[in-house]
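Down below is the structure, laid out as structure tokens.
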Amino acid sequence: MKLAFFQGGFSSSVSINLSLLATQARNASLANADIIVFPELFLTGYYIADKLVENAETLQGSSSQFVSRVALENNIWIVYGYSEKCEDKYYNSAIVFNKRGELVLNYRKSHLYGDYERKYFTPGDDLPTLFDVEGVKVALLICWEIEVLEMARVVGLMGADLILVPTANTSSFVCDVTVRSRAFENQLFVCYVNKVGYENGMVFCGGSSLVASDGNFVTKAPLIPGHFAPSESEKKQEHHSETTTENPEKYFSLEIAEVNRKDPKLLETSKKNPFFEDRRLTLYKALVT
């Protein structure tokens, strides 16, 4: 399966982000990718406070109808994050369309991160269902959930070959260490798709990647050097943006790589590291208390 992911996006304009999505989906399709993945809350922006509510859309809103057409016209699967409105609740969601433009999955983030997300969103109550792309069993988690180790393990036990992780992250540690660990310890691929650039006092570090089941990078997008999540006092400094936003688009990147589950080296690594088979379930009762 040929996978594409786009690292970028910092606009709070839905129309601009939709145009960017369509352009990158077209580019990925021309490169014969089967699927393209975009970051968390790609449609609206992440650190935009009340605009998360103002720009929220229903599952069948105009944006999803537009993306459905883009998927159909370009013969490509599309995965992207958005702020979902359902009755009087709002969810940090990610949506999946197949090559025919059909809705396959709408997943609501079940593990929200910090007070900021909890202020605006309701956590989802369901695990993501797996879906098949060119024979690869795919799971979908959102940002913080790949750091909650039980989530990667449970979708691995469900039979996932690949976890897609739309994210909006400021930590290079997660990009460089956590993602690789989750791939290796669950013997599956992880595609971690981050925002990059500056958004209202927060710097998203990029460093998106596809990691193979042996914990090695298949491909990796640029990481902003010296990035940081600014303190409250730094956010108030007028010069803050000048020191962190110099041409963020130079870190935008469309990456394309193969997800090859049958690579002999990966099969040999899995054979030497039978993590699932060697578990002793009677010792792990504390995990469910």
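The values are calculated or read from the model by the stated rules, or taken from the named source; none is laboratory data. Since the structure is predicted, the reported quantities are computational estimates derived from the model, not experimental observations. When we count neighbours, we look across all protein chains shown, and the Cβ atoms used for this are built from the backbone with ideal geometry, even at glycine. Please note that ligands, DNA and RNA were not included when accessible areas were found on the heavy atoms of the full protein model with its side chains. Shrake-Rupley method; radii C 1.70, N 1.55, O 1.52, S 1.80 Å.
Between residues in region 265-289 that are of a type in the set (Val, Ile, Thr) and residues that are part of a helix (DSSP H, G or I), which pairs lie under 9 Å by C-beta distance while being six or more apart or on different chains?
THR269/PHE184
Yes/no per residue for (1) over 19 Å from the mean Cα position of the chain (by Cα); (2) at pLDDT below 95:
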| residue | (1), (2) |
| --- | --- |
| LEU3 | no, no |
| GLN7 | no, no |
| SER11 | no, yes |
| LEU18 | no, no |
| ALA31 | yes, no |
| ILE35 | no, no |
| GLY45 | no, yes |
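Contact list please: Cβ distance under 6 Å, first residue in region 172-187 and of a type in the set (Lys, Arg), second residue open to solvent by less than 10 Å² (accessible area, probe 1.4 Å) and assigned to a helix (DSSP H, G or I), pairs at least six apart or on different chains.
ARG182/ILE146; ARG182/ALA152
For region 128-144, how many residues are more than 17 Å from ILE78 (Cβ to Cβ), surrounded by fewer than 24 Cβ atoms within 10 Å (Cβ to Cβ) and either in contact with a strand residue (DSSP E or B) (Cβ under 6 Å, 6 or more places away or on another chain) or not hydrophobic (A, V, I, L, M, F, W, C) (or both)?
Matching residues across region 128-144 total 4.
Sort out which residues of region 145-169 are open to solvent by less than 10 Å² (accessible area, probe 1.4 Å), outside any strand (DSSP E or B) and of a type in the set (Val, Ile, Thr), and write them in order of number.
ILE146, VAL155
Among the residues of region 22-38, is there at least one that is over 15 Å from ILE95 (Cα atoms), of a type in the set (Ser, Thr, Tyr) and free of Cβ contacts under 8 Å to residues at least 24 places away in the same chain?
yes
Hey, can you tell me all the residues within region 89-108 that are of a type in the set (Val, Ile, Thr) and under 12 Å from VAL138 (Cβ atoms)? Before the answer, list the steps.
Going through region 89-108, the residues of a type in the set (Val, Ile, Thr) turn out to be 95-96, 104.
Those that are of a type in the set (Val, Ile, Thr) and under 12 Å from VAL138 (Cβ atoms): VAL96, VAL104.
Any idea how many residues of region 54-75 are in contact with a Phe, Trp or Tyr (Cβ under 9 Å, 6 or more places away or on another chain) and closer than 17 Å to PHE6 by Cβ?
Here the count works out to 4.
Looking only at region 241-267, filter to residues that are at pLDDT 90 or above and open to solvent by 80 Å² or more (accessible area, probe 1.4 Å); which one of those is nearest to LEU21 (Cα to Cα)?
The extreme case among them is GLU258.
Suppose the filter is among the β-branched types (Val, Ile, Thr), surrounded by fewer than 23 Cβ atoms within 10 Å (Cβ to Cβ) and not in a loop (DSSP other than H, G, I, E, B); does VAL193 pass it?
Here the answer is no, as VAL193 does not meet what is asked.
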